[in-house]
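Report on one structure; see the data block that follows.
The values are calculated or read from the model by the stated rules, or taken from the named source; none is laboratory data. From a predicted model like this one, the values you see are computed outputs, not experimental measurements. Don't worry about glycine lacking a Cβ; one is built from the backbone with ideal geometry, like all the others, and counts go over all protein chains shown. Surface accessibility is based on the protein's heavy atoms, side chains included, excluding ligands, DNA and RNA. Shrake-Rupley method; radii C 1.70, N 1.55, O 1.52, S 1.80 Å.
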Amino acid sequence: MDGGIGRTTDTTGQWCVAQNNRAFLRRVVRWAAEQGVRQFLDIGAGLPTQGNVHEVVRAVRPDARVVYVDHDEVAVAYARRLLPADGRTVLLQGDLRRPGELLADPALRATIDLSEPVAVLLLAVLHFVPDADDPGAAVAKLRDATVPGSVLALSHLTLDGLPTLPTEQGTAIYRRSSSPLVPRTRAEVARFLDGYELVEPGLVKVADWRPDGEPQAAVSHGYGGVGVRR
């Protein structure tokens with residue numbers, strides 16, 4: 001699975017989005033680890049790159065366990081050769097649209113204890129799931145499988161703030177592409193965080209979520225937010 005706009009890309013504008021999304025990933029993972037979270041479930045992970053989840057979290061919590069999920073069989077096979085064989089870093093083939101199957105996977109169950117807090121990472125993946133596939137229900141199922149104190153972090157493409165005509169043209173192009181994208185408004189993205197208490201500064205443009213001084217691209221066409229399950 002393409003981890004989403006922001007994971008891998010090949011045009012200048014998308015590269016800017018990718019840069020911001022990777023920086024957001026690092027800040028989110030570091031924050032969650034500093035709150036004491038030791039388990040991370042990264043859905044739509046794509047290929048491992050420098051500064052991925054297991055590297056960031058273990059700088060804070062060396063005992064952390066990380067499960068990556070991607071639905072592309074070839075990407076999963078290749079990525080498994082790149083990950084450490086330490087028993088605490090696992091890559092599964094799975095699909096966000098079938099959360100029940102993912103949660104029942106024996107390898108996930110052997111790595112993540114769902115009776116303890118888990119950080120679920122949905123970075124740049126939800127905008128690949130059309131409304132017809134009910135992404136809200138999938139996110140809710142993941143939420144309900146975790147205990148209070150668990151974390152949901154997400155980033156999502158938006159066309160908010162762009163002029164009306166280019167926005168309409170962009171949406172039409174996205175939906176005609178071979179991998180249709182579904183940009184959503186802030187209100188639509190916020191609904192994915194129902195049942196969570198938003199962490200300050202709330203649901204904001206990705207580059208504005210707790211910036212740490214790391215250089216970021218000026219382009220920011222996505223929202224990012226983190227919530228803690230009540």
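How charged is the neighbourhood of VAL120? Take every other residue with its Cβ under 12 Å from the Cβ of VAL120, and add Lys/Arg as +1 and Asp/Glu as -1.
Summing Lys/Arg as +1 and Asp/Glu as -1 gives +1.
Only loop residues by DSSP count here, and only those with at most 15 other Cβ atoms within 10 Å; note down the trypsin sites (Lys or Arg not before Pro) in the range 41-88 that meet that.
ARG81
Subtracting the Cα-Cα distance from 0.36 nm times the residue separation, let me have the gained length for ASP208 to ALA132 in nm, one decimal.
Result: 24.3 nm gained on full extension.
Roughly how many Å² of VAL182 are accessible to a 1.4 Å probe, to the nearest 10?
20 Å²
Given 0.36 nm per residue, what is the gain on full extension from GLU101 to TYR78 after removing their alpha carbon distance, in nm?
Taking GLU101 through TYR78 to full extension adds about 6.1 nm, to one decimal.
How would you classify the range 16-160 from its alpha-carbon gyration tensor, with a ≥ b ≥ c the square roots of the eigenvalues: rounded for a/c under 1.5, else prolate if a/b is greater than b/c, otherwise oblate?
Verdict is rounded for the range 16-160.
To the nearest 10 Å², what's GLU101's accessible area with a 1.4 Å probe?
120 Å²
Net charge near ARG229: determine it from the other residues with C-beta under 14 Å of the C-beta of ARG229, scoring Lys and Arg +1 and Asp and Glu -1.
-1
If you count only protein heavy atoms and use a 1.4 Å probe, how large is the accessible surface of LEU82, to the nearest 10 Å²?
Ignoring ligands and nucleic acids, LEU82 comes out at about 90 Å².
Would you calculate the separation in nanometres between label points at VAL147 and GLU197, each defined as 7 Å from the Cα along the Cα-to-beta-carbon direction?
1.7 nm
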